[in-house]
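Values in this text are rule-based calculations from the coordinates and carry no lab data. The shown structure was predicted, so the numbers you read here are calculated from the model rather than taken from an experiment. Ideal geometry is used to build each Cβ from the backbone, glycine not excepted, and the neighbour counts take in all protein chains shown.
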Amino acid sequence: MSLTRGRVRAGRVEDFAQDSMTALKVDGREVLLVYQNGVFYALEDRCTHDNGILHDGELLDGAVKCERHGAKFDLETGRPTMPAVKKIRLYQTEVEGDAVYIVYQQSF
Ligand code: FES
């Protein structure tokens, strides 16, 4: 199996409001793009507790809260609070000029 780096353009920086959460499809995966305090974060859009859809949840300061049972996921580390115990998958983001990209690994 080999890994290839993939990159998808999510939009222009100005397309995203401060403190916004945007649900995107990236290479068939559901990804949540968060823009907070001038930084873009990207994470899997499914809660690791019981598959809650995170874009239906609440954006807190530095975390996303799942609306189903209240688990919070740290935007920097992916670490959860109870009842979730498994980290959320994070994706790298890049800003080049006015474009925002989400970076992921493809396996073959
Ligand atoms: S499904 Fe997210 S906290 Fe339970």
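Can you compute the charge dipole magnitude of the range 48-95 about its Cα centre, using +1 on each Lys and Arg Cβ and -1 on each Asp and Glu Cβ, nothing else charged? Give it in debye, rounded to the nearest 20.
The dipole magnitude comes to about 260 debye.
Report ³J(HN,Hα) in whole Hz for each residue of the range 4-15, in order, from the Karplus equation J = 6.51 cos²θ - 1.76 cosθ + 1.60 where θ = phi - 60°; Gly and Pro get x.
10, 7, x, 9, 10, 6, 8, x, 9, 3, 5, 6
Among Gln106, Tyr35, Leu90, flag the residue with its Cα farthest along the positive direction of the charge dipole of the range 3-107, charges on Cβ as +1 for Lys/Arg and -1 for Asp/Glu.
Gln106
Using only alpha carbon pairs under 8 Å that are at least six residues apart, calculate the relative contact order of the chain and give it in whole percent.
Contact order relative to length: 31 percent.
Around Arg5, under 12 Å between beta carbons, what's the net of Lys plus Arg minus Asp minus Glu among the other residues?
Net of charged neighbours comes to -1.
Under the Karplus relation 6.51 cos²θ - 1.76 cosθ + 1.60, θ = phi - 60°, what is the ordered set of whole-Hz ³J(HN,Hα) values for the range 69-85, x standing for Gly and Pro?
With the stated coefficients, the range 69-85 comes to 10, x, 4, 10, 10, 5, 5, 8, 10, x, 5, x, 10, 4, x, 6, 10 Hz.
Taking only pairs that are 8 or more places apart or on different chains, how many Lys pairs in the chain have Cα atoms under 15 angstrom apart?
4
Name the long-range amide H neighbours of Glu30: under 5 Å, sequence gap of 5 or more, or other chain; modelled H, no Pro or chain starts.
Asp45
Any number yet on Rg/Rh for the range 53-102, C-alpha, Kirkwood?
Numbers: Rg = 12.4 Å, Rh = 11.8 Å.
Answer for the range 53-102: 1.06.
If you wrap a convex hull around the C-alpha atoms of the chain and split its volume per residue, what is the figure in Å³?
Convex hull of Cα atoms, per residue: 98 Å³.
Just rank Lys65, Lys87, fewest to most, by other beta-carbon atoms within 10 angstrom.
So the ranking, lowest neighbour count to highest, is Lys87, Lys65.
Just subtract the alpha-carbon distance of Arg7 and Asp50 from 0.36 nm times their residue separation and send over the number in nm, one decimal. Please list the in-between numbers first.
Values: separation 43, 0.36 × 43 = 15.48 nm, distance 2.81 nm.
Using 0.36 nm per residue and subtracting the Cα-Cα distance, I get 12.7 nm.
Using the Cα centre as the reference, give the magnitude of the dipole from point charges on the C-beta atoms of the chain (Lys, Arg: +1; Asp, Glu: -1; all else neutral), rounded to the nearest 20 debye.
Dipole size: approximately 500 debye.
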